[in-house]
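Okay, so here's the structure we're looking at.
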Amino acid sequence: MTKKLLVGGLSLLAAGSIGATQLVKAAGEDDTSVTTINVTIGETIAITSGPSVTLNPVPGGVAVYDDDTVTVSTNAPSYQLTLEMNTGFGRSLTHPSSSDTIGPVTDDTALAVNTWGYATDDADTDLDDPTATGEFRGVPAYGSAVTLKSDADAANDETVITYGARVGFLDEGTYTGQVLYTAITN
């Protein structure tokens, strides 16, 4: 009985093979074939900002402000935008040849003399009155990013970050720091 089943199996294979060869058309006859093209697109995200924000404060404690617009585009359903100091930079703005620095503001307070910070368009800020409390935050150190926005509207979505500084009498020159924005798909 086992031999009959094996022979029957071979017989079916031979018949299937013959059927497949019958699909070949003779010369001069039309033939068509269909191929499905699949394009798989993964999540993508792009971010632009700056390239720089320049604040020109007047010594003596007058605060100045300037905006940086960060634009995020993604095909993902949502994204998260974070902010932190760039690697290799402390939280203070430093002078290249002086020990003077402009330190970060205490979170959610007005800019004190010789401090700098940021405010976002979702913060309770009153930029006409820089002495109001709850205005600015210090940019966190590298590795301790703060979330600026979690959003589902991700087609050319703009976030405005306002940077401010208030200085007393410091050595003249440019005080520099570098912030890092990161956009992450959710």
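The values are calculated or read from the model by the stated rules, or taken from the named source; none is laboratory data. As the structure is a prediction and not an experimental result, all values here were calculated from the model. Virtual Cβ from ideal backbone geometry, glycine too; neighbours counted across all protein chains shown.
Computed values, structure above
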read-out	value
Any hit, segment 142-161, residues being modelled with pLDDT under 80 and within 21 Å of ARG91 (Cα to Cα)	no
Subset of segment 148-164 that is surrounded by 12 or more Cβ atoms within 10 Å (Cβ to Cβ) and touching a Pro at 6+ places or on another chain (Cβ under 9 Å) - its residue that is nearest to THR48 (Cα to Cα)	ALA154
Filtered residues of segment 134-147 (kept if of a type in the set (A, V, I, L, M), touching a residue at least 60 places away in the same chain (Cβ under 8 Å) and surrounded by fewer than 19 Cβ atoms within 10 Å (Cβ to Cβ))	VAL146
Subset of segment 36-51 [surrounded by 10 or more Cβ atoms within 10 Å (Cβ to Cβ) and among the small types (Gly, Ala, Ser)]	ALA46, SER49, GLY50
Yes/no for THR69 being exposed (fewer than 15 other Cβ atoms within 10 Å of the Cβ) and outside any loop (DSSP other than H, G, I, E, B)	yes
